[in-house]
Amino acid sequence: MYPSGRWRGYWEQQVYGRQPMDGLVLHFADGVITGHGADIVGPFVFRGSYDDRGTVTLTKQYLGRHSVHYQGVYDGEGTIHGVWSIGRFWHGKFALSPERSAESSTAIAEAPIEEIRL
């Protein structure tokens, strides 16, 4: 369901707007997620879990700083959407998607069109 490797992502907050995550790498194995990246706040590590229903729970720990809770769900098309929170008062939307290589994008574009007969 979730490919390990390079991902792209963002989080939103009313004051900061949409903020991208840079150098985001996530690894998925046996229901456990690990990863790392950086954003406007600083470098961070991710640790969390996922299940076969598409539910994802993550903790984003900024190095030497605070942590952020992420709760999301897989949309069936490659993206995890959800809400991040810090305590009860700070929260916003986020999205995470695997990066697609030029090679895999070309293979999809060149795949033959199948006719569906009813």
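Before moving on, here are some points about what is shown:
- Positions within the stretch 92-101 being in a strand (DSSP E or B) and exposed (fewer than 15 other Cβ atoms within 10 Å of the Cβ), in sequence order: LYS93
- Which listed residue is in a loop (DSSP other than H, G, I, E, B) and among the aliphatic types (A, V, I, L, M), from VAL45, VAL68, VAL15: VAL15
- Scope the stretch 6-25; condition touching a residue at least 12 places away in the same chain (Cβ under 8 Å), surrounded by fewer than 14 Cβ atoms within 10 Å (Cβ to Cβ) and not polar (S, T, N, Q); matching residues: TYR16, PRO20, ASP22, GLY23
- Among the residues of the stretch 51-86, just one is in contact (Cβ under 8 Å) with a residue 24 or more places away in the chain, farther than 18 Å from ARG8 by Cβ and surrounded by 14 or more Cβ atoms within 10 Å (Cβ to Cβ), namely GLY54.
- Residues (among the β-branched types (Val, Ile, Thr), in a strand (DSSP E or B), surrounded by 14 or more Cβ atoms within 10 Å (Cβ to Cβ) and out of contact with any His (no Cβ under 6 Å at 6 or more places or on another chain)) located in the stretch 26-42: ILE33
Since every read-out is calculated from the coordinates, none of them should be taken as a lab result. Worth saying up front: this structure is predicted, and the values here are computed from it rather than measured. Methodologically, a virtual Cβ is constructed for each residue, glycine included, from the backbone with ideal geometry; neighbour enumeration extends over all protein chains shown.
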